[in-house]
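The values are calculated or read from the model by the stated rules, or taken from the named source; none is laboratory data. What you are looking at is a predicted structure, and each value in this text was computed from that prediction instead of being measured. Ideal geometry is used to build each Cβ from the backbone, glycine not excepted, and the neighbour counts take in all protein chains shown. Only protein heavy atoms, including side chains, enter the accessible area calculation; ligands, DNA and RNA are left aside. Shrake-Rupley method; radii C 1.70, N 1.55, O 1.52, S 1.80 Å.
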Amino acid sequence: MSEAITMALYFLICREMGEPATFPGNKTFYNTVDDQSYAPGIADMSVWASTSPQCKNEDFVHVNGDVIMWRYFWPAIGSYFGLEVSPS
């Protein structure tokens, strides 16, 4: 599932309420490298896993090597929505 819609809603609600967008995690996670995945890749894997008999009752994780650090990404998203942000 993409977290983009959830984050956009959070930022829009904060903007509407005149509140800073506080990072929802802890300081350790805020300052740690996190991985992200490309949505079309997740979609392709989901179709493959749901239509291939050999995938029945198996778990899958999809990562493609994209990484972010929330301490840089969170303020950038806040800026896009015209908000001030705080780490936590």
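Accessible surface for the chain, divided over its residues, is 73 Å² per residue with a 1.4 Å probe.
Computed from Cα atoms, the angle from the helix 39-51 axis to the main principal axis of the chain rounds to 30 degrees.
Rounded to a whole number, what is D in µm²/s for the chain from Stokes-Einstein with the Kirkwood radius over alpha-carbon pairs (10 °C, 1.306 mPa s)? After rounding, the answer is 106 µm²/s. In degrees between 0 and 90, to the nearest 10, how far off the longest principal axis of the chain does helix 70-80 point, with axes built from Cα atoms? Tilt of helix 70-80: around 70 degrees.
Just to confirm the number: angle between the C-alpha axis of helix 4-17 and the first principal axis of the chain, 0 to 90 degrees, nearest 10? Its long axis makes an angle of about 20 degrees. Put simply, the amide H of Thr22, placed in the peptide plane, has neighbours under 5 Å in Ser86, leaving out anything fewer than 5 places away on its chain. For the chain, adding -39500 (n - 2.57) for each run of n ≥ 4 DSSP H residues and dividing by the number of residues yields -14000 deg cm²/dmol at 222 nm. Counting protein heavy atoms only, the chain has 60 percent of its accessible area on carbon and sulfur, 1.4 angstrom probe. Once the C-beta distance of Ala43 and Ser79 is scaled by a Förster radius of 41 Å, the resulting FRET efficiency is 0.90 to the nearest 0.05.
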